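> Take this structure first; my questions come after.
The values are calculated or read from the model by the stated rules, or taken from the named source; none is laboratory data. Source: prediction; values computed, not measured. Here the Cβ positions follow ideal geometry from the backbone for every residue, glycine too, while neighbour counts run over all protein chains shown. Ligands, DNA and RNA are excluded from the accessible area calculation, which covers all protein heavy atoms including side chains. Shrake-Rupley method; radii C 1.70, N 1.55, O 1.52, S 1.80 Å.
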Amino acid sequence: YFAEYNQLTRYYPRTVNTGLQGAGTTTPTVVLLGAPGTGTDLDLKTKREGTSVGLEKWFTRFLQVEASFKNEDKDGARLWGRGFTCPSGAAPAPACTAMGAGVNAWALLMLPEPINSNTKQFEAKLNFSGEKLALTGGYYGSFYRNAYGALTPTVPDTLNDPLGTPTTLNAGLRGILGLPMALPPDNQAHQFYLFGNYAFTPATRGTFKVAYTHATQKDDFAGNGFTGPSGVSNYGGVVDTTLAQLGLTARPIPKLSVNANLRYEDREDKSPLQAYNLEGANPFTNGTYSLKRTNAKLEGSYRLPANLRGTLGVDYEAMNRGQYESPECINVDPSTCLGDSVAGISGVRAKTWETGYRAELRRTMTETFSGAISYAQSTRNGSNWLKPNALPATGTTEQTDGQIYSRTAIFPSIFMDRDRRKLRLSTDWSATERLSLQFFVEDAKDEYSAPTSKGFRDSSNLLYSVDAALTLSEAWKMTGYWSLGDQTLHVDHSTWYMADIRNLNTSLGIGVIGKASPRIEVGGDLSYISDGTIYDQGLDSAASATNIAFLAQSGGLPDVTFRQLRLKLFGKYALEKNSAIRVDLVYQRSQLNEWTWGSNGVPFVYSDNTTVTIDPDQRVAFIGATYIYKWQ
């Protein structure tokens, strides 16, 4: 039997200064401050409180049952908000008009998400363990309940314009900002599974897994303050997922080992379609997302002469997003079938498939030195591109690369063709009986392509690391590590901006552990991390003179740096053979310089003069005591 109680409070690390009244409730009131920083500091936090109970019982030496139940309550508030700009295709004039010629009306508000939810999880399984066959079958259920269904803010007549000047909102924008905002709805999921393995021979073993999950979301619209389409009381969301997996490991001859694996997942979104969405005068339905994924792997390893071992592997992945190719729709009239609208991008693909190859050569040079070199390459392609139809039409139209090509087209990277290459070198050296060293180098590169000259072009990653372990005596040991990562991404935005983003990460640490006496064990480690991201921005030849001048004046996005130093110490004293006391001490100092919530000392400012700032220098001190008792 076991029982467990947990309580965790997470404090939001940034300082929020605001005039918002009723923050953390479902009906906050926005108040325009006279100036940034003249409001009240808001302490955002979330508290989790959970209990767990369970048991396990052996009925025979072959049969065991396990059951567990976990209940968790979560309360508090976290950073959230909304924004809108006028004019907008989603709410055209006269409901949503600009402030003046060429000047948009917009507002951005900080509205903390109120949290009062409960999650219950239950699992029961039966285990069988025989001489050749091992089986586990069971049920897992998850039940989520949210006491809050919507957040409805009260918005004043006046908010700041983009230049920080108080301006009277037009009625359309004010009404949109005051609409209810849906919070996470109640939902539940039920999974039944069976997995196991069977030893055909001492050298051949098969594994399998099957699982079926039925997830639903049927929270009532009216009970949460919303009005759905006529005759529709809730979303009626249903997603059924079927999973099947087979594996085989075998050693057909002493020098050869083989590993094969096949995995299939079918996630079917059966949620009914309704005309929930409206852009201008054009309605469209919610979108369902079904996915079929197939993964296969075949790997063989053979022991060669001269203490060599070679490994060859083939990997395959296929993904089918069938609803893009044959989208569902509902009949509005005999001539119109209304479906989902895929907006904001130039194209999607219904199917993608990727084939990869791996090769590794490992050799034991001496009793104290061994090394390995490996190379992996994979290529991802896909079916023809599907161009989203412009409203009022919905769905997509299949096109060739030549038909859909545009210099500034936008294609999500998950659909783009990709060539991936990775070279890895590792060594393991026992320099002395007491000192061992491991060295690791990896060079990886991804290249993307699509019918456009924009988008995600390529990425590269270099990684170097060294690990060391030193035995000082029978009672004392030391460890140390160092690593350097260098990652670069090349991205061209559709609006003529180009960025070469480079991230440099260095980490190192040293630790020691040992016994000061037969009853006392002590240890500690010191670690350091330095992480920096550099934004090298440029413009292509089609950029306007205004954009060129703006980038020259601003210099683009500033670098982001993060550094952390951490010291951990512990001591453990054995009271008896079956009991002990442990004390942990931790000191951590972090420095963060980033521009998301401010730059050069200027905080992020919302339209009501709410500000969000962060102290770049953070310090944490921790002390913990643990009592350990073992029933023997």
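> Could you list, in sequence order, the residues of the stretch 506-558 that are touching a Phe, Trp or Tyr at 6+ places or on another chain (Cβ under 9 Å), surrounded by 14 or more Cβ atoms within 10 Å (Cβ to Cβ) and among the charged types (D, E, K, R)?
Lys515, Glu521, Asp531, Asp540 - these are the residues of the stretch 506-558 that are touching a Phe, Trp or Tyr at 6+ places or on another chain (Cβ under 9 Å), surrounded by 14 or more Cβ atoms within 10 Å (Cβ to Cβ) and among the charged types (D, E, K, R).
> Conditions: (1) crowded, with 17+ Cβ neighbours inside 10 Å; (2) touching a Lys or Arg at 6+ places or on another chain (Cβ under 9 Å); (3) hydroxyl-bearing (Ser, Thr, Tyr). Ser88 meets all but one. Number of the miss?
(2)
> Scanning for something part of a loop (DSSP other than H, G, I, E, B) and basic (Lys, Arg), does the stretch 374-391 turn up at least one residue?
No: zero hits.
> Sticking with this structure for a sec: Filter the stretch 208-230 down to residues that are open to solvent by 60 Å² or more (accessible area, probe 1.4 Å), modelled with pLDDT of 95 or more and assigned to a loop (DSSP other than H, G, I, E, B), then give me how many there are.
1
> Right, next: Scan the stretch 214-229 and report the pairs whose first residue is closer than 19 Å to Ala275 by Cα and whose second residue is among the charged types (D, E, K, R), with Cβ atoms within less than 7 Å and a gap of 6+ or a chain change.
From residues that are closer than 19 Å to Ala275 by Cα, the pairs are Asp219/Asp186.
> Oh, and also: Name the single residue that is farthest from Tyr139 (Cα to Cα) among those in the stretch 96-116 being hydrophobic (A, V, I, L, M, F, W, C), open to solvent by less than 50 Å² (accessible area, probe 1.4 Å) and in contact (Cβ under 8 Å) with a residue 24 or more places away in the chain.
Ala105
> Turning to a different aspect of this structure: For the stretch 432-481, which positions are touching a Leu at 6+ places or on another chain (Cβ under 6 Å) and either under 20 Å from Ala372 (Cβ atoms) or of a type in the set (Ser, Thr, Tyr) (or both)?
Hits for the stretch 432-481 are Val441, Glu442, Asp443, Ser459, Tyr464, Ala468.
> Can you spot a residue in the stretch 66-78 that is surrounded by 15 or more Cβ atoms within 10 Å (Cβ to Cβ), on the phi < 0 side of the Ramachandran plot and outside any strand (DSSP E or B)?
No, that holds for no residue.
> Within the stretch 332-359, which residues are part of a strand (DSSP E or B) and free of Cβ contacts under 8 Å to residues at least 60 places away in the same chain?
Taking the stretch 332-359 first, the residues part of a strand (DSSP E or B) are 332-333, 336-339, 348-349, 351-359.
Those that are part of a strand (DSSP E or B) and free of Cβ contacts under 8 Å to residues at least 60 places away in the same chain: Val332, Asp333, Thr336, Cys337, Lys351, Trp353, Thr355, Tyr357, Arg358, Ala359.
> Just checking, does the stretch 173-183 include any residue being in contact with a strand residue (DSSP E or B) (Cβ under 8 Å, 6 or more places away or on another chain), open to solvent by 70 Å² or more (accessible area, probe 1.4 Å) and on the phi < 0 side of the Ramachandran plot?
Among the residues of the stretch 173-183, not one is in contact with a strand residue (DSSP E or B) (Cβ under 8 Å, 6 or more places away or on another chain), open to solvent by 70 Å² or more (accessible area, probe 1.4 Å) and on the phi < 0 side of the Ramachandran plot, which makes the answer no.
> Among what's in the stretch 344-369 and is in contact with a Leu (Cβ under 8 Å, 6 or more places away or on another chain), more than 30 Å from Leu308 (Cβ to Cβ) and of a type in the set (A, V, I, L, M, F, W, C), pick the residue that is surrounded by the most Cβ atoms within 10 Å (Cβ to Cβ).
If we take residues in the stretch 344-369 being in contact with a Leu (Cβ under 8 Å, 6 or more places away or on another chain), more than 30 Å from Leu308 (Cβ to Cβ) and of a type in the set (A, V, I, L, M, F, W, C), then Ala350 is surrounded by the most Cβ atoms within 10 Å (Cβ to Cβ).
> Which of the residues spanning the stretch 33-52 are out of contact with any strand residue (DSSP E or B) (no Cβ under 6 Å at 6 or more places or on another chain) and surrounded by 15 or more Cβ atoms within 10 Å (Cβ to Cβ)? Working first, answer last.
Pass one, the stretch 33-52, residues out of contact with any strand residue (DSSP E or B) (no Cβ under 6 Å at 6 or more places or on another chain): 33-35, 38, 40, 43.
The answer is Leu33, and nothing else.
> Given the conditions (1) closer than 30 Å to Gly555 by Cα; (2) buried (at least 16 other Cβ atoms within 10 Å of the Cβ); (3) in contact with a Phe, Trp or Tyr (Cβ under 7 Å, 6 or more places away or on another chain), and given that Ser483 satisfies all but one, which numbered condition is not satisfied?
Tallying (1) closer than 30 Å to Gly555 by Cα; (2) buried (at least 16 other Cβ atoms within 10 Å of the Cβ); (3) in contact with a Phe, Trp or Tyr (Cβ under 7 Å, 6 or more places away or on another chain), Ser483 fails exactly one: (1).
> Is there a residue in the stretch 591-601 that is β-branched (Val, Ile, Thr) and at pLDDT 90 or above?
No: zero hits.
> Same structure again: Checking the conditions here, which among Gly310, Gly347 is under 25 Å from Ser378 (Cβ atoms) and in contact with a helix residue (DSSP H, G or I) (Cβ under 6 Å, 6 or more places away or on another chain)? It would help to see each step written out before you state the result.
Numbers: Gly310 fails: in contact with a helix residue (DSSP H, G or I) (Cβ under 6 Å, 6 or more places away or on another chain).
Result: Gly347 is the single residue among Gly310, Gly347 that is under 25 Å from Ser378 (Cβ atoms) and in contact with a helix residue (DSSP H, G or I) (Cβ under 6 Å, 6 or more places away or on another chain).
> Which numbered condition trips up Cys86, out of (1) modelled with pLDDT of 90 or more; (2) within 30 Å of Gly39 (Cα to Cα); (3) among the hydrophobic types (A, V, I, L, M, F, W, C)?
Evaluating Cys86 over (1) modelled with pLDDT of 90 or more; (2) within 30 Å of Gly39 (Cα to Cα); (3) among the hydrophobic types (A, V, I, L, M, F, W, C) leaves (1) as the failure.
> Quickly run through the stretch 370-394 and pick out the residues that are under 30 Å from Asp428 (Cα atoms) and open to solvent by 70 Å² or more (accessible area, probe 1.4 Å).
Passing the criteria: Ile373, Tyr375, Gln377.
> In the set Gln553, Gln537, which member is in contact with a Gly (Cβ under 7 Å, 6 or more places away or on another chain) and at pLDDT below 95? Before you say what the answer is, go through the steps one by one.
Details: Gln553 fails: in contact with a Gly (Cβ under 7 Å, 6 or more places away or on another chain).
When all the criteria are applied, what remains is Gln537.
> Against the condition among the aliphatic types (A, V, I, L, M), farther than 25 Å from Phe369 by Cβ, modelled with pLDDT of 95 or more and in contact with a strand residue (DSSP E or B) (Cβ under 9 Å, 6 or more places away or on another chain), how does Leu312 come out, does it pass?
In short, no.
> Just to check your reading of the model, which residue among Lys218, Lys209 is in contact with a Phe, Trp or Tyr (Cβ under 6 Å, 6 or more places away or on another chain) and among the basic types (Lys, Arg)? Don't jump to the end; show me each part of the working.
Values: Lys218 fails: in contact with a Phe, Trp or Tyr (Cβ under 6 Å, 6 or more places away or on another chain).
Just a single option satisfies the conditions, and that option is Lys209.
> Related question: What strands (runs of 3 or more DSSP E) completely inside the stretch 233-310 contain at least 1 residues that are open to solvent by less than 40 Å² (accessible area, probe 1.4 Å)? Lay out the reasoning, then the answer.
Numbers: elements: 237-253, 256-269, 277-279, 282-284, 291-304.
Fully inside the stretch 233-310 and qualifying: 237-253, 256-269, 282-284, 291-304.
> Here is a further query. At least 2 residues that are buried (at least 16 other Cβ atoms within 10 Å of the Cβ) in each: list the strands (runs of 3 or more DSSP E) lying fully within the stretch 583-632 that qualify.
Of the strands (runs of 3 or more DSSP E) lying wholly inside the stretch 583-632, those with at least 2 residues that are buried (at least 16 other Cβ atoms within 10 Å of the Cβ) span 602-605, 611-613.
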